[in-house]
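Working notes, beginning with the structure itself.
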Amino acid sequence: MILQEEFMKSGYKDLLAGDIASEYEINLEDIFDLDQKPKALLSIFISDQRDELFFLLDGDLAEIDSLCDVWDDRIRVFTIINGKSKAIHKLKYNIVQLIVYSEGIPNRSPEGNLLISRKIIIKGDMTDKDRIVIDDDEVIELPFHMIPTDAFAPDVEQMKRLNQLLPEDEGLLALMEKKRKRVNRNKKEGVLDKSFGEQDYEMIKGWLKR
């Protein structure tokens, strides 16, 4: 999956693209010097309801804990400057640092620090940083990602095979249910008897041979 496309499909807009920031009443100069955009900053996504803000950061350029501290400072200043802004007040408590790394095992301890912003650390292929490729195991970390309902749909073929394994003889089905109840009762009494009578055994044997 392409990370940026997942945001777009969920109605998010990139504040770094065109005049989007102005449309959403956000002054990017309160976050960074427009003439020197930080290399680690890949995108800033805002939700369609204007109540969530995601800072997409390159986790390969610095130690992740240091990167998170730097951006917590930027975010803190940004929220202080815009303390009276209705637009910022709406998303103030829903700001997320989404850090993407490509190799190694990252330090995930920053994910436990929610003081200024929430942190989510995921792995991705950043060969093309405008189209970051992430696995299904990573995309589920995104709060807005919806798992398709068909992922929970029963496997029709498997159900068909299972039904074929069940005996069609109603007498055999009744026998199995009767025996199950008897075994459960005997277990309570401290006696475990799973034996079948000869007639019952022949009935079961005939079914297994089919």
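The values are calculated or read from the model by the stated rules, or taken from the named source; none is laboratory data. In this text the structure is predicted, and so the values were computed from the model without any measurement. FYI the Cβ positions are ideal-geometry reconstructions off the backbone, even for glycines, and counts take in every protein chain you see. SASA here: full protein model, heavy atoms, side chains in, ligands and nucleic acids out. Shrake-Rupley method; radii C 1.70, N 1.55, O 1.52, S 1.80 Å.
Worth pointing out:
- Residues whose placed amide H lies under 5 Å from that of Lys119, excluding near-sequence neighbours: Gln97
- Cut-off 13 Å between beta-carbons: net charge of the residues surrounding Arg74, Lys and Arg +1, Asp and Glu -1: -4
- Protein-only accessible surface at a 1.4 angstrom probe places the residues Glu5, Glu52 in the order Glu5, Glu52, largest first.
- Subtracting the Cα-Cα distance of Val139 and Lys90 from 0.36 nm times their residue separation leaves 15.1 nm of extension gain.
- Ligands, DNA and RNA are left out, and with a 1.4 angstrom probe the accessible area of region 76-127 is 60 Å² per residue.
- Nitroxide proxy distance, nm - points 7 Å out along Cα→Cβ at Val77 and Gln158: 5.4
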